[in-house]
Amino acid sequence: MGKKVLVFADRRDGVVRQVTYESIAAARLIVGDGKVIVAVLGTDGKKEVESLAHYGADHILLLEDGQLDTYITDAYFLAWQYVIDQVKPDVILTGHTTIGKDVAPRIAAHFDFGLISDCTSINMVGEEITYTRPIYAGKAFVKKTFVSGTQFSTIRPNNIPTLDLDTSRSATTEEISVEIKKDRLRTIVTQVVKKATSGIDLSEARIVVSGGRGVKSTEGFQPLQELADVLGAAVGASRGACDAGYCDYALQIGQTGKVVTPDLYIACGISGAIQHVAGMSSSKVIVAINKDPDAPIFQIADYGIVGDLFEVVPLLTKELKKV
Ligand code: FAD
């Protein structure tokens, strides 16, 4: 029998993020002859309809409300709650992102749903849906199922491949409005101050060049940034580098930082502590540059370069510029 699978789109600055398409692909694996319904919050959602349909959405709910353009926990909670009440889904999926991580547990607690967070894959085994997620800081994976009720899970970005673009696919749309009363919002956003970044989101980057304490200073990140620019990569960091004040905590990768799953991860001057590895060990190819041949990072690296990063990184950049 078909299921009603509801996907909450992850949208920032008016753009639907990649993890939404990955969640739709997961939804299609389990939907049977049911429906994949995608909820898009905020103004100008209509411009997303075509692309969401081409990647597998059957029905799109548009909540065109300016109060949802900027993320506010209470506003999103009220909107998600309203959508769930209307749709009454069998399964709910959303990205394991800043928004998903914040709203999903509140919604699960409110409706008394079970929640399996940070899933790296979802599969149908017979009639049962199994959800796979990492445990023990990524050292092992566990498969879980729900025994009853609405199934709710968050999807780790960059793990489930999106469906191929199919321009023959179309979706129905429906505009719905939710009343978000000002007195229900315990916070308001008065101003958004954006940091200057390379523009590539670390969590969704296909290539990450990451620096550790071995980078030695803020200026030491410059050669890494140059390599990243040549590769179209995002720059990340270990907590060692962040704690030393060499870079912003927004770059921190690991157990208490961001989790990344790029195609290529280049670790420069990072020892490979378990808490760092927890955030990058699922990268498809890992390259480590470290002057200590016994650094633990080499145990998980596909390619290791024993050497001084200040010599190796500029050399790599120089050679890659020729390609
Ligand atoms: P170090 O361990 O000091 O390693 C620096 C490396 O650079 C060394 O291997 C050295 O050989 C190499 N090096 C030095 N100079 C050069 C050079 N010129 N060229 C090449 N190599 C060079 N850490 C995280 O990263 N992310 C987390 O989310 C995180 N969460 C944590 C949570 C908890 C509860 C705790 C207790 C710790 C956490 N940590 C986390 C910290 C973690 O344990 C390590 O301390 C940290 O990852 C070390 O950072 P590092 O590898 O940059 O520094």
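The values are calculated or read from the model by the stated rules, or taken from the named source; none is laboratory data. Since this is a predicted model, take the numbers as computed values, not measurements. Cβ: placed from backbone, ideal geometry, glycine included. Neighbour counts: every protein chain shown.
Filter the range 1-54 down to the residues that are under 14 Å from Leu163 (Cβ atoms) and polar (S, T, N, Q), then identify the one that is surrounded by the most Cβ atoms within 10 Å (Cβ to Cβ). Among those residues, the one meeting the criterion is Ser23. What do you reckon, is Asp118 exposed (fewer than 15 other Cβ atoms within 10 Å of the Cβ) and charged (D, E, K, R)? No.
Quick check on the range 226-274: of everything there that is among the polar types (S, T, N, Q) and surrounded by 16 or more Cβ atoms within 10 Å (Cβ to Cβ), which residue is farthest from the ligand (Cβ to nearest atom)? The selected residue is Thr261. For Gly220, the conditions (1) in a helix (DSSP H, G or I); (2) under 30 Å from Thr162 (Cα atoms) all hold with the exception of (2). Between Ala140, Ala109, Ala75, Ala104, the distinction of being in contact with a helix residue (DSSP H, G or I) (Cβ under 6 Å, 6 or more places away or on another chain) and of a type in the set (Gly, Ala, Ser) belongs to Ala75 only.
Just one of the listed residues (Ile24, Ile37) is at pLDDT 95 or above, in contact with a Gly (Cβ under 6 Å, 6 or more places away or on another chain) and among the aliphatic types (A, V, I, L, M), namely Ile24.
Can you pull out every residue in the range 10-61 that is hydroxyl-bearing (Ser, Thr, Tyr) and not in a loop (DSSP other than H, G, I, E, B)? Before the answer, list the steps.
First, the residues of the range 10-61 that are hydroxyl-bearing (Ser, Thr, Tyr): 20-21, 23, 43, 51, 55.
Within the range 10-61, Thr20, Tyr21, Ser23, Ser51 meet the criteria.
Here Thr132 meets each of (1) free of Cβ contacts under 8 Å to residues at least 24 places away in the same chain; (2) in a loop (DSSP other than H, G, I, E, B); (3) polar (S, T, N, Q) with one exception, condition (2). Of the residues making up the range 295-323, just one is near the ligand (Cβ under 9 Å from one of its atoms), assigned to a loop (DSSP other than H, G, I, E, B) and charged (D, E, K, R), namely Asp308.
Provide a single number: the residues in the range 188-225 that are under 15 Å from Ala288 (Cα atoms) and either buried (at least 21 other Cβ atoms within 10 Å of the Cβ) or within 13 Å of the ligand (Cβ to nearest atom) (or both).
Narrowing the range 188-225 to residues under 15 Å from Ala288 (Cα atoms): 207-215, 224.
After this cut, where a residue has to be either buried (at least 21 other Cβ atoms within 10 Å of the Cβ) or within 13 Å of the ligand (Cβ to nearest atom) (or both) as well, the list is 208-215, 224.
Residues flagged as under 15 Å from Ala288 (Cα atoms) and either buried (at least 21 other Cβ atoms within 10 Å of the Cβ) or within 13 Å of the ligand (Cβ to nearest atom) (or both) within the range 188-225 amount to 9.
Per-residue answers, yes or no, for (1) modelled with pLDDT of 95 or more; (2) of a type in the set (A, V, I, L, M, F, W, C); (3) assigned to a strand (DSSP E or B); (4) surrounded by fewer than 11 Cβ atoms within 10 Å (Cβ to Cβ):
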{"site": "Val147", "(1), (2), (3), (4)": "no, yes, no, yes"}
{"site": "Phe152", "(1), (2), (3), (4)": "yes, yes, yes, no"}
{"site": "Pro157", "(1), (2), (3), (4)": "no, no, no, no"}
{"site": "Thr173", "(1), (2), (3), (4)": "yes, no, yes, no"}
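Every listed requirement among (1) surrounded by fewer than 19 Cβ atoms within 10 Å (Cβ to Cβ); (2) under 30 Å from Leu264 (Cβ atoms); (3) not hydroxyl-bearing (Ser, Thr, Tyr) is met by Glu179 save one, (2). Residues of the range 275-292 that are surrounded by fewer than 22 Cβ atoms within 10 Å (Cβ to Cβ) and more than 9 Å from the ligand (Cβ to nearest atom): Ser281, Ser282, Lys284, Val285, Val287.
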